[in-house]
Number of protein chains: 2
Amino acid sequence: MTTLISTEGVPLYVKIREVLRTEIINGNLKRGQKIPSEDELAARYGVSRMTVRQGILDLIDEGLLYRRQGLGTFVAFPHIERDHTRLTNFFESARQKGIQVAQKILDVQVVPARRKIAEALDIPVGEAVIHICALRYANYVAVTLHDSYIPEKLFTPILSENLEDTSLWDLMEKYGYRVKRAIQKLEAREAGPEIARLIGIDPAAPILYKERKIYAEDGTPVEFTFCYNRGDLYSLTVAMER
Amino acid sequence: MTTLISTEGVPLYVKIREVLRTEIINGNLKRGQKIPSEDELAARYGVSRMTVRQGILDLIDEGLLYRRQGLGTFVAFPHIERDHTRLTNFFESARQKGIQVAQKILDVQVVPARRKIAEALDIPVGEAVIHICALRYANYVAVTLHDSYIPEKLFTPILSENLEDTSLWDLMEKYGYRVKRAIQKLEAREAGPEIARLIGIDPAAPILYKERKIYAEDGTPVEFTFCYNRGDLYSLTVAMER
DNA sequence: ATTATATAGATGTCTATACGTCTAGATATC
DNA sequence: GATATCTAGACGTATAGACATCTATATAAT
């Protein structure tokens with residue numbers, strides 16, 4: 001029985017998960033190789049089988065391992081970065097990549113929700129929504145125009161916040177709604193005269209058009225956004241599973 | 001204690017999960033409402049707490065419930081269709097929507113992998129790959145041009161199959177590789193003369209360009225595809241989580 | 001009034017055990 | 001040789017209980 005890293009406050013199943021992850025990343029457990037059985041790992045680390053199991057299932061969820069009943073658990077090719085599945089915030093993700101980001105708020109006002117917005121946010125047509133129109137820059141070049149709508153009822157105080165420098169999602173969390181999920185519809189379109197003028201491109205230039213509906217942890221729709229992304233400067237990577 | 005549906009062969013945790021799901025869909029458990037505690041459900045259905053827990057965690061994974069330690073488990077707004085996260089096969093998904101689908105194979109041949117393909121499929125540059133070029137139709141209109149590459153070594157016998165009428169993924173499964181995950185990079189582009197001619201659109205028309213890398217269950221890259229989708233007829237919906 | 005402290009209720013972690021089910025391979029039978 | 005059956009190993013499901021941790025609320029101390 002090997003001893004686990006003696007870190008207090010860290011659950012055993014997390015320790016075991018991380019030990020396995022390390023073995024995989026280091027290459028001690030190679031791609032396609034069978035890892036020790038649940039029973040064996042339990043004995044090795046002196047924990048119960050269910051504890052080992054919990055750690056393993058986490059890694060399976062991440063795509064690092066896979067298993068077949070009756071056969072065993074095997075190392076998958078550790079290629080899929082979980083990040084690509086993840087919903088990330090514009091500021092965080094761009095800064096991580098070392099890109100200089102900024103945004104200019106073009107307009108903030110309370111307006112009545114038109115039908116499409118109301119349906120998306122699950123509120124009555126005509127109810128007040130906060131409309132935030134922002135131009136986002138990467139390395140000082142305008143890349144994306146954002147047309148966001150959020151329910152006024154839930155976020156009234158947000159109007160007095162500094163929207164230009166603070167992440168909208170952080171503000172939402174401050175007011176009790178933790179952003180959790182998004183559904184995005186993607187299309188390729190021509191920019192058209194209006195978007196072209198705002199972003200500063202040719203009206204016939206291709207745009208990655210995105211309709212984004214964002215939900216809080218409890219399923220409340222908290223944001224509906226139209227995004228117009230410069231086709232030549234913006235790409236989106238997503239992961240999907242069967 | 002309520003009795004569960006007496007279905008043999010169905011695990012208890014699945015039954016409990018489905019009972020809860022039904023209650024949520026029926027509206028007996030309403031949005032935002034606290035569901036009974038794990039202990040109470042265990043008592044009610046005469047099973048152990050861990051069994052209830054397993055069912056609940058499944059529903060949390062699906063986004064139907066959420067929970068906070070110390071507080072309880074609550075019903076989320078059941079809006080997010082799991083399907084949008086799912087990687088689906090062209091034939092399956094289109095037919096479900098009642099769209100008439102077909103494809104025409106323009107070219108099938110074994111070629112040496114150029115650098116980009118080789119890197120994606122994790123094989124040496126120059127190794128044999130099967131190139132499949134297909135035009136896909138929805139309701140008899142050409143919508144998408146597919147440029148797929150699959151490792152020849154893994155799928156040699158596929159060359160003698162009927163590629164036009166059979167799903168490539170089904171064939172792959174037949175040869176031992178179950179398609180599981182994909183990473184897709186999306187961009188908006190101009191069609192350009194070649195794609196425009198093949199699909200039959202204007203060379204300046206916007207195209208949703210997609211680079212798709214597909215992995216089998218064990219992490220093996222099994223397909224790398226360039227997709228050119230007509231901007232005006234194709235949209236893609238994806239779900240993401242934080 | 002404000003601040004600590006205790007407590008009840010809920011989820012989070014963990015154990016030790018049992019039996020079910022699936023898979024591959026060995027063995028036996030025809 | 002082909003087919004059927006057995007078996008060991010591994011994951012799948014399930015139990016009953018224990019203690020930890022977190023949250024909100026009630027109570028006590030200041």
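Think of the protein assembly as shown as having a plus end and a minus end, set by charges on the Cβ of Lys, Arg, Asp and Glu; of B:Tyr175, B:Ile207, B:Ala239, B:Tyr175 sits farthest toward the positive end of this dipole.
Pairwise Cα separations in the protein assembly as shown fall into 20 Å bins from 0 onward with the following percentages, short to long: 19, 50, 30, 1.
Using Cα pairs closer than 8 Å and at least 6 residues apart in sequence, work out the relative contact order for chain B, in percent. Can you show the working numbers first?
Numbers: 396 pairs, mean separation 33.2, N = 242.
RCO, chain B: 14 percent.
Place a point 7 Å from the Cα of A:Arg68 along the Cα-to-Cβ direction; which residues of region B:177-195 have their backbone N under 14 Å from it? Residues passing the 14 Å test: B:177-179.
Summed for both chains, how many Å² of accessible area, to the nearest 100, are buried between B and A with a 1.4 Å probe? Could the numbers behind the result be given before it?
Numbers: alone 14430 and 14380 Å², together 23680 Å².
Buried area between the two chains comes out at roughly 5100 Å².
Farthest towards the positive end of the charge dipole of the protein assembly as shown, among the residues B:Tyr45, A:Gly192, A:His131, is the Cα of B:Tyr45, using unit charges on the Cβ of Lys, Arg, Asp and Glu.
Report the convex hull volume per residue for chain A, counting only C-alpha atoms, in Å³. Mind dumping the intermediate values first?
Details: hull volume 42.9 nm³, N = 242.
For chain A, the hull spanned by Cα atoms encloses 177 Å³ per residue.
For region B:12-80, the Kirkwood hydrodynamic radius from C-alpha pairs, put into Stokes-Einstein at 20 °C and a viscosity of 1.002 mPa s, yields a diffusion coefficient of 182 µm² per second. Average accessible surface for the protein assembly as shown: 49 Å² per residue, computed with a 1.4 Å probe over protein heavy atoms with every protein chain in place. In a DSSP loop and with at most 16 other Cβ atoms within 10 Å, the chymotrypsin sites (Phe, Trp or Tyr not before Pro) in region B:105-172 are B:Tyr140. Of all the stretches in chain A, which is the longest one without any exposed loop site, taking GluC sites (Glu not before Pro) in a DSSP loop (any state but H, G, I, E, B) with at most 13 other Cβ atoms within 10 Å? For GluC sites (Glu not before Pro) (loop position, at most 13 other Cβ atoms within 10 Å), the longest site-free span of chain A is A:82-163. Evaluated with a Cβ-only charge set (Lys, Arg +1; Asp, Glu -1), region A:83-230 carries a dipole of roughly 340 debye about its Cα centre, given to the nearest 20. Close Lys pairs in chain B, defined as Cα atoms under 12 Å apart and 8 or more places apart or on different chains, number 4. The charge dipole of region A:12-80, taken about the Cα centre with unit charges on the Cβ atoms of Lys, Arg (+1) and Asp, Glu (-1), comes to about 140 debye, rounded to the nearest 20. Placing a label point 7 Å from the Cα of B:Arg86 along the Cα-to-Cβ direction, the residues of region B:201-242 whose backbone N falls under 16 Å from that point are B:237-240.
Counts of other chain beta carbons within 10 angstrom of each beta carbon in peptide B:230-239 average 6. Where the centre of each part is set by its Cα atoms, how far does region B:186-242 sit from region A:118-139, in angstrom? That distance is 28 Å. Using only the alpha-carbon atoms, how far is helix A:12-26 inclined from the longest principal axis of chain A? Give it as 0 to 90 degrees, nearest 10. Compared with the principal axis, the helix lies near 90 degrees.
Overall, the accessible surface of region A:83-230 at a probe of 1.4 angstrom is composed of carbon and sulfur to the extent of 47 percent. Loop-located trypsin sites (Lys or Arg not before Pro) across region B:108-203 with a Cβ neighbour count of 11 or fewer within 10 Å are lacking, with loop assigned by DSSP. Binning the alpha carbon pair distances of region B:61-197 at 5 angstrom intervals from zero yields the distribution 2, 8, 13, 16, 18, 14, 10, 6, 5, 4, 3, 1, 0, expressed in whole percent.
Mean residue ellipticity at 222 nm, helices only, chain A: -8000 deg cm²/dmol; runs of at least 4 DSSP H residues each add -39,500 (n - 2.57), and the sum is divided by the number of residues.
The values are calculated or read from the model by the stated rules, or taken from the named source; none is laboratory data. If you're wondering where the values come from, they're calculated on a predicted model, not measured in any experiment. Quick reminder, even Gly has a Cβ in these numbers, built from the backbone with ideal geometry, and neighbours come from all protein chains shown. Just the protein is used for accessible areas: all its heavy atoms, side chains included, with ligands, DNA and RNA removed. Shrake-Rupley method; radii C 1.70, N 1.55, O 1.52, S 1.80 Å.
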